[in-house]
Amino acid sequence: MRSKAPTDFERRIFVWTGRYQTVDEVPAFVTDSAINSAKSKLRIYINIAMCATTFIAALVVMYVGRGKARRGESIAQRNMERHPEKYQQRLEAHK
């Protein structure tokens, strides 16, 4: 098995993934498979965190949207208020 000296970032990845307790415990030479395994584990952690963040953001947007719907606000109404001349032209064209 090939061994190489890990970079400072790779040393931190070993600590973040729980392979070693501190950066100082990481040996001077580590196998390529150990580095790849730690990087893959970190990728999985990051993907899970992104999925959880997206799910929480979606819940927040749903909560805010339902509150606005209860108050009678809508996206179409807001858009018509922002661009009245465009909608006025459309109304006149249909008359």
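The values are calculated or read from the model by the stated rules, or taken from the named source; none is laboratory data. None of these values were measured; they are calculated from a predicted model. Neighbour counts run over all protein chains shown; Cβ positions are idealised from the backbone, glycine included. Areas reflect the complete protein model, heavy atoms only, side chains present, ligands, DNA and RNA absent. Shrake-Rupley method; radii C 1.70, N 1.55, O 1.52, S 1.80 Å.
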At 7 Å along Cα-to-Cβ for each site, give me the label-to-label distance between Ile56 and Asp8 in nm.
2.9 nm
Using a 1.4 Å probe, how large is the accessible area of Lys86, given in Å² and rounded to the nearest 10?
110 Å²
Loop-resident chymotrypsin sites (Phe, Trp or Tyr not before Pro) in the chain with no more than 10 other Cβ atoms inside 10 Å, DSSP not H/G/I/E/B, are Phe29
Here P(r) for the chain, Cα-Cα distances in 5 Å bins, as whole percents, is 2, 11, 13, 11, 8, 7, 7, 6, 6, 6, 7, 6, 6, 3, 2, 1, 0
Among all helices in the chain defined by DSSP H, which have a length of 30 Å or more along the axis from Cα atoms plus a Kyte-Doolittle mean of at least 0.0?
32-70
For region 1-47, Rg(Cα) over 2.2 N^0.38 Å is 1.05
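Calculate, for the chain, the solvent-accessible area per residue in square angstrom, rolling a 1.4 angstrom probe over the heavy atoms of the protein chains.
Values: 8070 Å² over 95 residues.
That works out to 85 Å² per residue.
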